[in-house]
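Have a look at the structure below, then the notes.
Only the coordinates and a few stated rules stand behind these numbers; no lab work does. These figures come from a predicted structure and were not determined experimentally. A quick note on method: Cβ atoms are made from the backbone with ideal geometry, for glycine too, and the neighbour counts reach across all protein chains shown.
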């Protein structure tokens, strides 16, 4: 009996371990990470139910979202709806959204009146599913569930056995001329929402813009009506509702579109042909697992895997698809075109690492994403810097140049390279309208497209003067990097003269180095040094010192392409490293904001890679957590998450368009990436632990590696990186130095 019991116990344990080993990647994701303000920070994320790069994201709505406020906040205790949103980041607005809300009892249409309490212990959040129990005013509960496809959602509302049951569909908000209508015969509520929260930021009115929706019910409603008829016509209805019998389950599917109501219905027919919640959920789970499982990790706890796979989930949300059935609405000429499109490019943030991560994990999307930017160029005159979905003029530089240069460098050919050259050349050579009369204030309303604000002065003086253009110092440094990117596109196109011209101009960053300060420093139009600015430059003094969301410390190492030049300006590698020491010990590194993201890796350039190894581990531990408050700073369309993922693997794209990755300190004993080529990138870290952060030796494909760099080609070939880790710094790779750019 004892032997039999022992065998059963061993068998049970084996089954348990086998189950644990077979746990799918999506089960580790916690979409609530980043939704709560904590001691670490606030990520501004939302628990989206959506496929990778989904056009419409679905989330519970605990507050009315707007610019600077997201739909969901973990600290809230009530839910007022389930919204199909297109808001990509906390400081961007929504557009064309639609909201559904189940309720019992009397009709309540306003968010404040219709909200219902919930508890997090009665909430389930996954990329493929969201479920929650809502407390009704009479002490009962409504069980609400969601799953989704690229452009559609399926919701299921389980109503209590007493009281009227109702599903509210909010087309728009007060003051917005939305539209909703009811078709009882087809069990449908259809309509549109023309609201664009960022409309005040761009130059275009876009009268044709609408977010269309079709809501279908599986069960036959008892009744259905519109509400909010401000002037007695259907054209001003704010929404509609359908009523059901007590105790019923209402199965609902929602199609969204930016083309038409008919297209929203067509999206439903193609993406949700059957009334099966479980089938839709399973397909979504499979889609996420296919992507997430391309990354595998050993030597990480379940908690650490949750942090990693959640970061990968966040990174695979953007840019989002913006086309349907082979067509797309262009928010740049207000017309419908044939083709594929994407939007929600937070390029000032994402050009640094997020886009590089996509070249590794979603390379099948890159040609379409670059093509979308080039289509925007044809339709609006410029590649956008932050489409949402049109021009918003948010942030500085024309870093679409970097995305194009990176795609060219990495051998992507599925876009029009000649058109790409025309687009980056215009960015680099054509000043925006009114360049000499506008200061190009941050988020200045109703301006022409900003492109490179201050380019006129940049071409004349070699820098942008702080007394003429806002954020001038940051612009000079970032435009210099973009010039380097344009030079690379020219070189690939065989335009040698253009290559030399832009390579020379990419060294304009050196004009701002102030040797007395040992830092970059803005200049006025007469060539004098501008005031250096405070530790966190505010909008009020950007015109004085010239920085964007930072200061001289945050921007001195900003020329991603010219670290060798900076080493020379500072008087050598030792001085460069000493200044970096001061940067970190002085509290100048602000990881929640993107200009600091590459700083931990810069010791590689100065011959002290052991400091990079310690610093990136330190940043990862301090800035990223494991629960709802575990993200320090806005995720910014995946950039914060991409930093963590690269750092966990042990390398980072300091200059993303160079095709080179600087080596840090791999965080786990083994990580692998399954590449689209079928090859496997394997990163092994022997003796790895939280204390053993220092690389003692390294090999690449079993051959000694003595440089802190790995290239795109080495990765794509299926590299095997092997590190031996230890608790003390070593001199590994300390003799390597970057090449100085020569424009001769």
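Spin-label model, residue 700/residue 511: points 7 Å from Cα along the beta carbon direction are separated by 3.6 nm.
For the chain, relative contact order (Cα pairs under 8 Å, six or more residues apart, normalised by length) works out to 12 percent. Report relative contact order for segment 55-292 in percent, whole number only (criteria: Cα-Cα under 8 Å, sequence separation at least 6). Relative contact order for segment 55-292 comes out at 19 percent.
Here the convex hull built on the C-alpha positions of segment 240-330 has a volume of 174 cubic angstrom per residue. Fewest neighbouring Cβ atoms within 10 Å first, the residues 195, 446 line up as 446, 195. Quick one: grab the alpha carbon gyration tensor of segment 609-744, order the square roots of its eigenvalues as a ≥ b ≥ c, and give me rounded if a/c is under 1.5, else prolate or oblate depending on whether a/b is larger than b/c. Judged from the Cα gyration tensor, segment 609-744 comes out rounded (a/c under 1.5). Pull up the DSSP beta bridges for the chain and report the antiparallel fraction as a percent, rounded to 5. That works out to approximately 95 percent antiparallel. In whole angstrom, note down how far apart the Cα centers of segment 268-287 and segment 500-531 are. Using only Cα atoms, the two centres lie 56 Å from each other.
Computed over segment 448-534, the range of Cα coordinates on each principal axis works out to 43, 35, 21 Å, biggest value leading.
Between residue 504 and residue 186, the modelled labels are 6.4 nm apart [label points 7 Å from Cα along Cα→Cβ]. Residue separation of residue 430 and residue 736 scaled by 0.36 nm, minus their Cα-Cα distance, works out to 106.3 nm of gained length. When only alpha carbons are used to place a centre, segment 51-79 and segment 567-628 end up 34 Å from one another. Extension gain for residue 416 to residue 460 (0.36 nm times residue separation, less C-alpha to C-alpha distance): 12.7 nm.
A protection proxy built from the mean count of other Cβ atoms within 10 Å ranks the segments 144-153, 38-47, most packed first, as 144-153, 38-47. Look at the Cα gyration tensor of segment 114-197: its axes a ≥ b ≥ c give a/c of at least 1.5 with a/b over b/c, and that counts as prolate. For a modelled paramagnetic label at residue 303, 7 Å from Cα along Cα-to-Cβ, no residue of segment 721-736 is in reach, as no backbone nitrogen comes under 20 Å. Taking label positions 7 Å along the Cα-Cβ direction at both residue 227 and residue 581, the computed distance is 6.7 nm, reported to one decimal.
With a/c under 1.5 counting as rounded, go ahead and sort segment 55-292 into rounded, prolate or oblate using the C-alpha gyration tensor (a ≥ b ≥ c being the square roots of the eigenvalues; past the cut-off, prolate if a/b is larger than b/c, else oblate).
In terms of gyration-tensor shape, rounded.
When the Kirkwood radius is taken over all Cα pairs of segment 350-468, what Stokes-Einstein diffusion coefficient follows at 37 °C and 0.692 mPa s, in µm²/s? D = 218 µm²/s. Taking the number of Cβ atoms within 10 Å of each Cβ as an exposure proxy, the fewest-first ranking of 504, 588 is 504, 588. The C-alpha atoms of the chain occupy a region whose extents along the principal axes are 85, 79, 44 Å, arranged from largest to smallest. Sorting 580, 419, 201, 507 by the number of Cβ atoms found within 10 Å of their own Cβ, with the fewest placed first, yields 419, 507, 201, 580.
Expressed as an acute angle from 0 to 90° and rounded to the nearest 10, what is the orientation of the C-alpha long axis of helix 302-315 relative to the principal long axis of the chain? Orientation of helix 302-315: about 90 degrees from the principal axis. Cα centroids of segment 318-380 and segment 632-686: 23 Å apart. Note on residue 677 and residue 200: with the Förster distance fixed at 60 Å, the Cβ-Cβ geometry gives a FRET efficiency of about 0.85. Between the Cα long axis of helix 400-409 and the first principal axis of the chain there is an angle of about 70°, rounded to the nearest 10. Could you list the residues of segment 547-564 with an amide nitrogen less than 20 Å from a label point located 7 Å from the Cα of residue 467 in the Cα-to-C-beta direction? Counting only backbone N, you get 547.
Evaluated at q = 0.09, 0.10, 0.11 Å⁻¹, the base-10 log of the normalised Debye intensity for segment 474-622, with identical point scatterers placed on the Cα atoms, takes the values -0.30, -0.37, -0.45.
Adding -39500 (n - 2.57) for every DSSP H run of four residues or longer, then dividing by how many residues the chain holds, sets the calculated 222 nm ellipticity at -8500 deg cm²/dmol.
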